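Notes to accompany the following structure.
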Amino acid sequence: MTHRRVVIIGSGPAAYTAALYAARAELEPLVLAGSGTDTKIGIPGGQLMLTTDVENYPGFPEGVTGPEMMDLFRKQAERFGSEIVYADATEVEIDGRPFRIKTAKESYLADALIIATGAAAKWLGLESEKKLQNRGVSACATCDGALYRGKEIGVVGGGDTAMEEALFLTRFGSRVTVVHRRSELRASKIMQDRAFKNEKIRFVWDSEVIEVLGDKDVEGIRVQNRVSGEKSVVPLGALFIAIGHEPRSDLFRGKLDMDEQGYIQVDRGTRTSVEGVFACGDVMDRVYRQAVTAAGTGCMAAIDAERFLAEHESEHSSTAVEEART
């Protein structure tokens, strides 16, 4: 059984940034990056592995693909001594230190644990939607909206997130069509008012997207009215799915404090309800969900873990000295 000072679970911007900082602090972190075979855990590299173009991350004026960016993150973390293991964490025991983390083939002990398992966008589940992801289908307007400047854009959803996405996309699209399966929005009144007042937003009520149209890129959507059963085609150049996200926190249910959606709760930094366990990135961030903010909290988690270990090692040393004197 391998004993490490810091184990990091995850492999997105938060995980690799935490690994970089922990490695530079000579904590020799172990990163459990996932195997890519468990859909609940996600693929190594996180959501950016499904992103064709990243144009809003500082330091890349010409843009970079998601996979290229994550490869650079990984190499930088490894350069300073991080060990990357491509295995899924299947069980954790965090009721006492050292913490125990199990994979299918190995068990690890950790003096500090950093959780960076991320979140996953909810999708409609259509084969055509999957086929056209990164070719007009997206789940992040902030990430991809500017790519569809001057085009008609669709948004699926009726909550605050959907209205925020729709309003943001009016900056780029010639028109934004919101498709909602009910006859009224679930969004807060203030968000509804903003959307209704925007002349570039129109609504398709009581309807579901049953097919995304296009061979190489999105050309439109086929919708079906849930009341009449009537089907129609809406021409579009892009479609944004805004029906929510799911934090990848199942491994820690009942072991850490979470909100009603499953996001791990932290203090003003990255400390969770269990001393020595830290959370960063989209698994604890229900608001921003950006690569740059995930990386920032990864840095915070590594610094918090380093300080925690220094404090407790100092306490351990003091206790040992007192015991020796007696």
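Bear in mind these aren't lab numbers, they're just calculated from the coordinates by the rules spelled out. Since this is a predicted model, take the numbers as computed values, not measurements. With ideal geometry, Cβ positions are generated from the backbone for all residues, glycine too; neighbour counts draw on all protein chains shown.
A few points about this structure:
- Using only side-chain charges placed at the Cβ, +1 for Lys and Arg and -1 for Asp and Glu, the dipole size of segment 160-288 relative to its Cα centre rounds to 340 debye.
- Restricting attention to the chain, close to 45% of DSSP beta bridges with both partner residues there are antiparallel.
- Here residue 102 is the anchor, and the lysines within straight C-alpha reach of less than 23 Å, apart from those fewer than 8 places off in the same chain, are 40, 255.
- Shape analysis of segment 43-184 yields a ratio of the Cα radius of gyration to the Kirkwood radius, Rg/Rh, of 1.07.
- Computed over the chain, the P(r) tail beyond 25 angstrom holds 54 percent of alpha carbon pairs.
- For the chain, relative contact order (Cα pairs under 8 Å, six or more residues apart, normalised by length) works out to 20 percent.
- Taking GluC sites (Glu not before Pro) across segment 64-139, the ones in a DSSP loop with at most 12 further Cβ atoms lying within 10 angstrom of their Cβ are 106.
- Kirkwood-Stokes translational diffusion coefficient of segment 135-219, alpha-carbon pairs, 10 °C, 1.306 mPa s, µm²/s: 122 µm²/s
- Calculated [222 nm] ellipticity per residue, helices only, for the chain: -8500 deg cm²/dmol; basis is -39500 (n - 2.57) per DSSP H run with n ≥ 4, divided by all residues, nearest 500.
- Loop-located chymotrypsin sites (Phe, Trp or Tyr not before Pro) across segment 263-309 with a Cβ neighbour count of 14 or fewer within 10 Å are 288, with loop assigned by DSSP.
- Segment 84-92 - phi-based ³J(HN,Hα) in whole Hz, Karplus 6.51/-1.76/1.60, Gly and Pro as x: 9, 10, 8, 9, 8, 6, 9, 7, 10
- Computed log10 I(q)/I(0) for segment 167-261 at 0.11, 0.15, 0.22, 0.25 Å⁻¹: -0.46, -0.75, -1.16, -1.34, from the Debye equation with unit scatterers placed on every C-alpha and solvent omitted.
- For segment 127-241, the share of DSSP beta bridges that are antiparallel, to the nearest 5, is 40%.
- In segment 127-241, Cα pairs under 8 Å separated by at least six residues give a relative contact order of 31 percent.
- Spin-label model, residue 79/residue 310: points 7 Å from Cα along the beta carbon direction are separated by 2.4 nm.
- In nm, spacing of pseudo-spin labels at residue 261 and residue 171 (7 Å Cα→C-beta vector): 2.1 nm
- Under 21 Å between alpha carbons - lysine pairs in segment 132-221 that sit 8 or more apart or on different chains: 5
- Segment residue 182-residue 217, length gained on full extension (0.36 nm per residue, minus Cα span): 9.8 nm
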